[in-house]
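S.K.: Got a structure for you, written out below as structure tokens; questions coming shortly.
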Amino acid sequence: MPDTPPPMTPIIDAQDFAAQTSAIVGSIGRVIDGKPDAVRSALVCLLAEGHLLIEDVPGVGKTMLARALAASVDATVRRIQFTPDLLPGDVTGVSVYNPVDREFEFKRGAVFANIVIADEINRSSPKTQSALLEAMEEGQVTVDGSTHLLPDPFLVVATQNPLEMEGTYALPEAQRDRFMMRISMGYPDPAAEVEMLRQRDTVNPLASVTAVADAASITALIAWARSVHVAPAVEEYTVALAQATRVDPSLHLGASPRATLQLIRAAKVWAALDGRDFVIPDDVTALLIPVLAHRLLPARGAHRAGAQPVEAALGQIAQRVRVPVAVRS
């Protein structure tokens, strides 16, 4: 019998993109009240083929956001609770000897899913954290010399608590650089918190969430976002921002070339969500802190200038770097 051809990616236009992304945002918004920026950031990471790190205090909805996104997309979802005794093989998979066939078989780990929720990622050892490096960067894992491809699309949504440091391991720079964006949920406003008390006293809001997109439609949305135009002047502006972080005296570690690439990719999706097929400088600056801040390290003594020296440095860089101006012919 002839091989079955792979499913075709549906072709969409700007109206389809707007309709499908609005449906996803609306579905997540039924669970996450009053946090449109966080919902939008999660969607940007999914469509820009990046990964999301949610860092905030307990109880503000970090895991709920990840689960709401997963429930809104009809794709495979796995949740990994990171603990000190979690092993790398639990994440990537292991080779197990089959005595019947007298050969080793690969048993897939929890990372083999379209959306992987890595809960409290900083509670596992650095060795286990590093098991995600290849998966997040290349969409594959290598075990015992054999490479295994991960499903497409692939998104890691990781959460961590920045306050409780006992029994945790700080993410190394190489791991943080794999995350496209880092966001904080923050506390809800009073009206949203009151509404939450009324709605969630007896009902789990996730129970009412139904999938509004599948893996094929997400792939089509990703393809549409890739086609968004970036003018050479905007590319040069993005590079100038990244270069400025590398020479700023208040920063010990600047943005990597990977950060520049992911900033452009995120800006493309940001523009598409605003109904444009081209990127403007405002798209880049809007994403400057969520895309770059977690990758940078302040210089020694920079904390004296403020509670968030990296964010302050990025704000000054955005004001200092010249914004390209369109010239009308």
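S.K.: So A170 clears everything in (1) hydrophobic (A, V, I, L, M, F, W, C); (2) in a loop (DSSP other than H, G, I, E, B); (3) modelled with pLDDT of 90 or more except one condition, right? Which one?
M.R.: Checking A170 against (1) hydrophobic (A, V, I, L, M, F, W, C); (2) in a loop (DSSP other than H, G, I, E, B); (3) modelled with pLDDT of 90 or more, the one that fails is (3).
S.K.: So which of P290, P257, P281, P232 ends up being at pLDDT 90 or above and over 20 Å from M180 (Cα atoms)?
M.R.: Within the list P290, P257, P281, P232, the selection yields P232.
S.K.: Only one of V77, V60 is in contact with a Gly (Cβ under 8 Å, 6 or more places away or on another chain) and surrounded by fewer than 20 Cβ atoms within 10 Å (Cβ to Cβ); which? Steps first, answer last, please.
M.R.: On the way: V77 fails: in contact with a Gly (Cβ under 8 Å, 6 or more places away or on another chain).
One residue alone meets the criteria, V60.
S.K.: A follow-up question, please. Restrict the check to segment 192-203 and report whether at least one residue is modelled with pLDDT of 85 or more and open to solvent by less than 60 Å² (accessible area, probe 1.4 Å).
M.R.: no
S.K.: Same structure, new question: For segment 265-290, how many residues meet the condition of being of a type in the set (V, I, T), farther than 13 Å from G315 by Cα and either touching a Leu at 6+ places or on another chain (Cβ under 9 Å) or buried (at least 21 other Cβ atoms within 10 Å of the Cβ) (or both)?
M.R.: Looking only at that region, the number is 2.
S.K.: For G254, all conditions in the list (1) touching a residue at least 60 places away in the same chain (Cβ under 8 Å); (2) farther than 26 Å from G26 by Cβ; (3) open to solvent by less than 30 Å² (accessible area, probe 1.4 Å); (4) not β-branched (V, I, T) hold save one; what is the number of the exception?
M.R.: Here G254 clears every test but (1).
S.K.: Strands (runs of 3 or more DSSP E) wholly in segment 1-103 with at least 3 residues that are free of Cβ contacts under 8 Å to residues at least 60 places away in the same chain, closer than 23 Å to H148 by Cα and among the polar types (S, T, N, Q) - which ones? Before the answer, list the steps.
M.R.: Numbers: elements: 52-55, 77-81, 93-98.
Result: empty, no element qualifies.
S.K.: Within segment 217-229, is there a residue that is more than 19 Å from the chain's Cα centre (by Cα) and in a strand (DSSP E or B)? Spell out the reasoning first.
M.R.: In the first step, residues of segment 217-229 are kept if they are more than 19 Å from the chain's Cα centre (by Cα); the result is 227-229.
Keeping just the survivors that are in a strand (DSSP E or B) gives 229.
Yes: one or more hits.
S.K.: Just checking, how many residues over segment 104-141 are buried (at least 17 other Cβ atoms within 10 Å of the Cβ), part of a loop (DSSP other than H, G, I, E, B) and either among the aromatic types (F, W, Y) or under 16 Å from the mean Cα position of the chain (by Cα) (or both)?
M.R.: Of the residues in segment 104-141, 5 are buried (at least 17 other Cβ atoms within 10 Å of the Cβ), part of a loop (DSSP other than H, G, I, E, B) and either among the aromatic types (F, W, Y) or under 16 Å from the mean Cα position of the chain (by Cα) (or both).
S.K.: Confirm whether D144 is touching a residue at least 40 places away in the same chain (Cβ under 8 Å), of a type outside the set (F, W, Y), loosely packed, with under 12 Cβ neighbours inside 10 Å and over 30 Å from G34 (Cβ atoms).
M.R.: yes
S.K.: Considering each residue of segment 13-57, count those that are modelled with pLDDT under 85 and under 15 Å from K268 (Cβ atoms), and give that number.
M.R.: 1
S.K.: May I pose another question? Does segment 293-304 contain any residue that is of a type in the set (D, E, K, R), part of a loop (DSSP other than H, G, I, E, B) and either open to solvent by less than 10 Å² (accessible area, probe 1.4 Å) or farther than 14 Å from A48 by Cβ (or both)?
M.R.: yes
S.K.: Is it true that some residue in segment 176-189 is under 23 Å from the mean Cα position of the chain (by Cα), polar (S, T, N, Q) and part of a loop (DSSP other than H, G, I, E, B)?
M.R.: Of the residues in segment 176-189, the ones under 23 Å from the mean Cα position of the chain (by Cα) are 176-188.
Filter again for polar (S, T, N, Q), leaving 184.
Cutting the leftovers down to part of a loop (DSSP other than H, G, I, E, B) gives us 184.
Yes; the residues of segment 176-189 include at least one that is under 23 Å from the mean Cα position of the chain (by Cα), polar (S, T, N, Q) and part of a loop (DSSP other than H, G, I, E, B).
S.K.: Does P162 satisfy the condition of being touching a residue at least 40 places away in the same chain (Cβ under 8 Å), over 18 Å from D90 (Cα atoms) and either over 19 Å from the mean Cα position of the chain (by Cα) or part of a helix (DSSP H, G or I) (or both)?
M.R.: Taking the combined requirement at face value, the residue does not satisfy it.
S.K.: I'm checking my understanding of the structure. Among residues of segment 90-103 that are farther than 16 Å from V77 by Cα and of a type in the set (A, V, I, L, M), which one is nearest to the chain's Cα centre (by Cα)?
M.R.: Among residues in segment 90-103 that are farther than 16 Å from V77 by Cα and of a type in the set (A, V, I, L, M), the one nearest to the chain's Cα centre (by Cα) is V94.
S.K.: Among the residues that make up segment 227-241, is at least one of them without any contact (Cβ under 8 Å) to a residue 24 or more places away in the chain and farther than 25 Å from D16 by Cβ?
M.R.: The answer is yes, given that some residue of segment 227-241 is without any contact (Cβ under 8 Å) to a residue 24 or more places away in the chain and farther than 25 Å from D16 by Cβ.
S.K.: May I ask you to verify whether L46 is of a type in the set (A, V, I, L, M, F, W, C) and surrounded by 21 or more Cβ atoms within 10 Å (Cβ to Cβ)?
M.R.: Values: of a type in the set (A, V, I, L, M, F, W, C): yes; surrounded by 21 or more Cβ atoms within 10 Å (Cβ to Cβ): yes.
Taking the combined requirement at face value, the residue satisfies it.
The values are calculated or read from the model by the stated rules, or taken from the named source; none is laboratory data. Because the structure is predicted, anything quoted here is derived from the model rather than measured. Cβ coordinates were reconstructed from backbone atoms using ideal geometry, including for glycine residues, and neighbour counts include every protein chain displayed. Accessible surface areas use protein heavy atoms only, side chains included; no ligands, DNA or RNA. Shrake-Rupley method; radii C 1.70, N 1.55, O 1.52, S 1.80 Å.
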